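The structure under discussion appears below in the form of structure tokens.
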Amino acid sequence: GARGRARRGGSVTVVRVVCPGSFDPVTLGHVDVVRRAAALFDEVVVAVGTNPSKSQLFTPEERMDLLRRTVGDIPGVRVEGFSGLLVTWCAEQGVTAVVKGLRGAKDYDYEEPMAHMNAHLTGLDTVLLPTHPQWSYVSSSLVKEVARGGGDVSDLVPAVVLEALRARH
């Protein structure tokens, strides 16, 4: 693993990565990717993007709270908000790579150009983790749609998220 990689001269560098997203809402697929990233790297910052032009079910503060209540107990994981370019925020935070979950080819087609642009802009690397097959069909959009229609999403989201979804619908 990348944990505690030693550098010349005996100093140790901390490998800090980011798992960015809107997390509207956080799903068990997101939680799985964060847990797996935390097992691979020293620090994982779950970065909640705040895009005022995008319509969201939950406010950025609500999404960060739900994430803290969901992944906040995982050692080495913290939740932060960001706006603007991810690469700029990463440089300010000392983040060395972006970690994203991939559900399939469509996700790859979306993530690959972004990874190349991030590398072009600042040299930021991207690590793509294939999603566990159990979560390969789960997305925040589908969860919201099913919940809006009164469907059962209890096995797709953490309990605190289910409670928040029910309070909204």
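The values are calculated or read from the model by the stated rules, or taken from the named source; none is laboratory data. Here the structure is a predicted model, which is why all the values come from computation and not from measurement. Neighbour counts are summed over all protein chains in view; Cβ atoms, including those assigned to glycine, are modelled from backbone coordinates with ideal geometry. Just the protein is used for accessible areas: all its heavy atoms, side chains included, with ligands, DNA and RNA removed. Shrake-Rupley method; radii C 1.70, N 1.55, O 1.52, S 1.80 Å.
For the chain, a crude dipole built from +1 on the beta carbon of Lys and Arg and -1 on the beta carbon of Asp and Glu, taken about the Cα centre, is about 320 debye to the nearest 20.
Net charge dipole, the range 28-99: roughly 180 debye, given to the nearest 20, about the Cα centre with Cβ charges of +1 for Lys and Arg and -1 for Asp and Glu. Solvent-accessible area of the range 80-169 (1.4 angstrom probe, protein heavy atoms only): carbon and sulfur portion equals 54 percent. Hey, with R₀ at 25 Å, roughly what FRET efficiency would Asp155 and Glu61 work out to, going by the Cβ-Cβ distance, to 0.05? After rounding, the FRET efficiency stands at 0.40. Gaussian network model of the chain, Cα springs within a sub-10 Å range: biggest mean-square fluctuation belongs to which of Val17, Val153, Val79? Comparing Val17, Val153, Val79 in a Gaussian network model of the chain, the most mobile one is Val153. Its residues counted as N, the range 14-87 yields a C-alpha radius of gyration over 2.2 N^0.38 Å of 1.04. Spin-label pair Glu145-Thr122: with each label point 7 Å from Cα along the Cα-Cβ axis, the two points sit 3.3 nm from one another. Rounded if a/c is under 1.5, else prolate if a/b is larger than b/c, else oblate: which is the range 1-137, with a ≥ b ≥ c the root eigenvalues of its Cα gyration tensor? Rounded.
Charge dipole of the range 114-168 (Cα centre as origin; +1 on each Lys and Arg Cβ, -1 on each Asp and Glu Cβ, all else neutral): 200 debye, rounded to the nearest 20. For the chain, the residue among Val161, Ala47, Gly151 whose Cα projects farthest onto the positive side of the dipole built from Cβ charges is Ala47.
Considering Cα pairs under 8 angstrom that are at least six residues apart, work out the relative contact order of the chain and quote it in whole percent.
Over the chain, the number comes to 26 percent.
Accessible area per residue for the chain is 55 Å², calculated with a 1.4 Å probe on protein heavy atoms, without ligands, DNA or RNA.
Here the translational diffusion coefficient of the range 39-80 follows from Stokes-Einstein with Rh set to the Kirkwood radius across Cα pairs; for 25 °C and 0.890 mPa s it amounts to 219 µm²/s.
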